[in-house]
Amino acid sequence: MSAKPAAAFAAANVIEVERVLADTHRPAFQAMLLALCGLCLLIDGFDAQAMGYVAPSVIAEWHVAKTSLGPVFSASLFGMLIGATLFFSLSMLATPFVSTIPALFHAAVVPVLCSALLVIALTGATRQRGRASGVELA
């Protein structure tokens with residue numbers, strides 16, 4: 001098999017996005033897609049907002065200290081950090097852009113390492129702040 005048919009096959013599978021968008025004008029679909037994306041953005045932050053509204057009732061009902069709810073609020077943010085990083089790495093592994101070992105390392109390992117370093121740094125800063133104030137954190 002020569003390179004000429006492979007090149008012709010690759011050229012036949014190229015999609016020109018600008019031409020497709022210009023040829024297929026569907027304002028109703030685009031408006032619905034924009035509304036769904038906006039709704040996803042609103043729903044994404046709802047859990048953090050709801051925790052803020054519910055926290056005073058939880059403190060009063062369960063008789064817990066305000067400081068004990070700190071890990072609850074930060075757990076969702078750390079979960080989003082770890083989940084986004086891992087799913088980004090997995091999605092990069094599934095793309096044809098990762099064709100070499102350095103590209104694989106950069107796409108899959110570097111984001112995970114950066115997230116781990118961020119978590120370690122934040123944990124260390126929290127422990128140092130607790131020792132400075134005389135409160136020992138578990």
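Each reported figure results from applying straightforward, stated rules to the coordinates on display, with no laboratory input. Please read all numbers here as calculations on a predicted model, not as lab measurements. For neighbour counting, all protein chains shown are included, and Cβ atoms are generated from backbone atoms with ideal geometry for every residue, glycine included.
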> Between L90 and S57, what FRET efficiency comes out of the Förster formula 1/(1 + (r/R0)^6) with R0 = 35 Å and r the beta carbon distance, rounded to 0.05?
Replying inline: 0.35
>> Give me the net charge for the shell around M80: Cβ to Cβ below 11 angstrom, other residues only, Lys and Arg +1, Asp and Glu -1.
In response: -2
